[in-house]
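Working notes for the structure below.
Read-outs throughout are calculated quantities, based only on the coordinates presented, and are distinct from any laboratory measurement. What you see is a predicted model; the values in this text were computed from it and never measured. Backbone-built Cβ (ideal geometry, glycine too); neighbour counts: all protein chains shown.
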Amino acid sequence: MKKKLLFASLFASIFSSAQISVNEGFENTSYPGFTNVSFFRSSVISACVGSYTINREFWSGGASGSTTYSSTASNGGKLNVSFQYKTHIYSGGSVNGTLKVEYSVDGGQNYQILETISLNSVLSCKIWSGSIPQGNIPTNADFKLRVSGQWISGDYWLLLDDFKMSQDVVLATTDSNKKESKIYPNPFKDVIHINNSEAIKSITVSDFSGRQLKMINEVSKEIKLSELKKGNYILTIEYKDGSKNQIKVIKQ
């Protein structure tokens, strides 16, 4: 019995330590998690860090390209992201385009834009950094971070390098006296019920892209969600003691 409990404890510890963690400079021929469309690894143009980057020539015959990092290791915590980028032209070229940074938590069906950057000059290496708040990437979500270039005019190279991602640790609640919220039925049609509404301060309803759809500040045992379309949603429950919990629900 003790061996079983020890194994279960060890398994839970390993599982809870899973998180998104990336440090990729494309120095090796393989770079797990990344998928390129029209970008390729090269050392012809000087890199921001090390010798290699991934890059793409943008011109009238090559108007778009992207690199996408995928992971299902999210622990639900805040994700910090950074990477470096630069533009380069040979004689006679010019730079006119955009660089878009966005993410998805539903395997790429929907993307949430973090920033769109204007590219209109030759740039030495610049660092883009940002973060995705805690709760926006649910635990074990099908997460994707996509960085893409869009050509407007000119002829130039866009280089991407030194991707870093680190996810904050989410501490599990240790309050054994707090009653865990239970949502039912799930899947539901128009109305859901919650068992411990008296302990809840508010409920936020979001789609899987992180977009907030509804905020409920007066929580009762019966919650009407008839206005939602069929699909998957995340309920972020904030308790009166300041703690939070997330529950996935399905609208039929």
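Taken over the Cα atoms of the chain, the convex hull encloses 159 Å³ per residue.
Treating each Cα of segment 69-119 as one equal point scatterer and applying the Debye formula with no solvent, the log10 of I(q)/I(0) at q = 0.14, 0.27, 0.29, 0.32 Å⁻¹ comes out as -0.54, -1.22, -1.30, -1.37. With both labels modelled 7 Å from their Cα along Cα-to-Cβ, the residue 152 to residue 252 distance reads 5.0 nm.
Under conditions of 10 °C and 1.306 mPa s, segment 31-89 yields 117 µm² s⁻¹ as its translational diffusion coefficient, taking Rh as the Kirkwood radius over Cα pairs in the Stokes-Einstein equation. GNM on the chain, alpha-carbon springs under 10 angstrom: the most fluctuating residue among 145, 99, 79 is 99.
With no solvent and one point on each alpha carbon, what is the Debye value of log10 I(q)/I(0) for segment 97-242 at q = 0.09, 0.10, 0.17 Å⁻¹? Results for segment 97-242 at q = 0.09, 0.10, 0.17 Å⁻¹ read -0.43, -0.51, -1.05.
Using only alpha-carbon positions in segment 183-251, the gyration tensor eigenvalues give semi-axes of 18, 14, 10 Å once each is multiplied by 5 and square-rooted (largest first). Does anything in segment 133-157 have its amide N under 18 Å from the 7 Å Cα→Cβ label point of residue 40, and if so which residues? Flagged as within label range: 149, 156-157.
Segment 107-165 and segment 206-252 have their alpha-carbon centroids 28 Å apart. When the helices of the chain are scored as -39500 (n - 2.57) per DSSP H run of n ≥ 4 and the total is divided over every residue, the value at 222 nm lands at -2000 deg cm²/dmol.
State the antiparallel share, in %, of DSSP beta bridges confined to segment 183-251, rounding to the nearest 5. Once the DSSP bridges in segment 183-251 are tallied, antiparallel ones form about 95 percent.
For segment 183-194, backbone phi angles converted through the Karplus equation (6.51, -1.76, 1.60; θ = phi - 60°) give residue-by-residue couplings of 9, 8, x, 8, x, 10, 9, 10, 10, 10, 10, 10 Hz, Gly and Pro being listed as x. Restricting the calculation to Cα atoms, segment 21-167 yields a radius of gyration followed by a Dmax of 15.1, 49 Å. For the chain, the dipole from Cβ point charges (+1 on Lys and Arg, -1 on Asp and Glu) about the Cα centre works out to 820 debye, to the nearest 20.
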